[in-house]
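What follows is calculated from the coordinates using simple rules that are stated; it is not laboratory data. Since this is a predicted model, take the numbers as computed values, not measurements. With ideal geometry, Cβ positions are generated from the backbone for all residues, glycine too; neighbour counts draw on all protein chains shown.
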Amino acid sequence: MSLRPHAHQVCRRLILISFWCRNFRSFSELSWAPPQGLVVLAGPNGAGKTNLLEAVAVLGNLTSFRPGSPTSWVRHGEAGFTLKGQLQEGETSLVLEQHARLGRTLHRTLLRGGRQVRPAEYLSLFPVATLSASDTDLIFSGPEHRRRLLDRLAFQLKPQVLDLLLRYRRAMRQRNAALAQHQLASLDAFDRELARLGAQLIELRVATLQLLAQALEEELSHLGWLGGKPVLRYHAPEGPAAHAGGGEQFLLLQLRRFRGQELARGHTLVGPHRHDVCITISGRPAREVLSAGQAKLLATSLRLASVAVTARKRKVAPLVIFDDVDAELDREALSRLLLRLPALSPQVVVSTAHPEVVLPSCPEAAVVPMRGGTLAVDERSRW
């Protein structure tokens, strides 16, 4: 099925109309009324652009697109942070809040319209699609990056996936504890639970990957991809039977087969927590054949394909943020990207330290200058 119609023409128009944060990263306090459409956040390195985009991402997703511990989000010397955003959909508005306090870990209270809610409900309210220079980790780095992409998309399509992921991780922690303590009497029960949950997770991932692969081809075309066709394949070290019919029974057999090795190592060696998405071009791993620029284009297309699938299936287009949008892209690819982004979402915010490179491709964009952690008063002023 084609994804060519502009996603925001057939989807709910969910707009972030105001944003406020306190004691997040470098900001003691910051407020912003983001424009609709394409917004270019422009300023020199160190101006606070990435911190602002990260704060918006954390407001919607509870996680960041940057590496590191959530405790690092708290401004130095402070006890916690607060994020607040007002969303508008037609005549309806909704206020989301996060109140975080710093302890050994980060403790957060999540509010929807002043009412405390659980993470699963909160995460379904304001999806934020994040793109950044680190997206090339999808091509060059370990399988956890590709699993995270797949699991995040699966959650966007079916919010109950979050509960499944949490139950799988809890069962694995319990099984690992039993392995480490050689509690043999408990392992059979843990094996059955882990195999049951693991098979469900694998089935959802494989279905999600099929949707992602279908959308990827079109996004590559929009961005002018000239390389060979990338092939996405779900990879289970246990063998293809892990994601075929009867996956639960197969995983159970593999857990028992590897139990001796697992007892020696003290952790679980079988299951979807060790799976990967293999990306190949002409039969070779993409990481071995792509240049840095090609890898950035492919990784960006994977992210955009995820946005397109979410918009088509959920009928809501996520807010899209793209940090350092012009990094490692030539002018033609950048121009195509800046044309494509507004077709996928009614609100897109990109950042750049080189507005003279970005703006010729999007002369109608709203430009928000930022310097020293401060936004310009006139948010639609030209650079």
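Taking trypsin sites (Lys or Arg not before Pro) across the stretch 251-351, the ones in a DSSP loop with at most 11 further Cβ atoms lying within 10 angstrom of their Cβ are Lys315.
Here the extension length gained between Thr71 and Ser18 equals 16.6 nm, from 0.36 nm per residue of separation less the Cα-Cα distance. Between Glu218 and Ala353, full extension at 0.36 nm per residue minus the direct alpha carbon distance yields a gain of 45.7 nm.
Applying the criteria of a DSSP loop state and at most 14 other Cβ atoms within 10 Å to the GluC sites (Glu not before Pro) of the stretch 76-125 yields Glu78, Glu91. Taking every C-alpha pair closer than 8 Å and separated by at least 6 residues, the mean separation divided by the residue count of the stretch 263-383 gives a relative contact order of 17 percent.
Each 10 Å bin from 0 upward holds the following percent of the Cα-Cα pairs of the stretch 136-314: 10, 35, 31, 18, 6, 1.
Tell me the net charge near Ser361. Cut-off is 9 Å between Cβ atoms, Ser361 excluded, with +1 for each Lys or Arg and -1 for each Asp or Glu. Charge balance in the 9 Å sphere: +2.
When you filter the GluC sites (Glu not before Pro) in the stretch 299-383 for DSSP loop state and at most 13 other Cβ atoms inside 10 Å of their Cβ, you are left with Glu364. Its residues counted as N, the stretch 174-250 yields a C-alpha radius of gyration over 2.2 N^0.38 Å of 1.59.
Labels on offer are (1) 37, 26, 19; (2) 48, 23, 20; (3) 43, 26, 18, and the one holding semi-axes √(5λ) of the Cα gyration tensor in Å computed from this structure is (1). Computed over neighbours whose Cβ is under 13 Å from that of Leu269, the net charge equals +3, Lys and Arg +1, Asp and Glu -1. Students often get this wrong: which residues of the stretch 42-59 have the backbone nitrogen under 18 Å from the point 7 angstrom along Cα-to-C-beta of Ala292? Once the point is set 7 Å along Cα→Cβ of Ala292, 45 turn out to lie under 18 Å by backbone N, inside the stretch 42-59.
Amide H to amide H, with H built 1.01 Å from N, Arg75 comes under 5 Å of Phe24, Arg25, counting only residues 5 or more places away or on other chains.
Helical content alone sets the calculated 222 nm signal of the chain at -13500 deg cm²/dmol, taking -39,500 (n - 2.57) per DSSP H segment of four or more residues and averaging over every residue.
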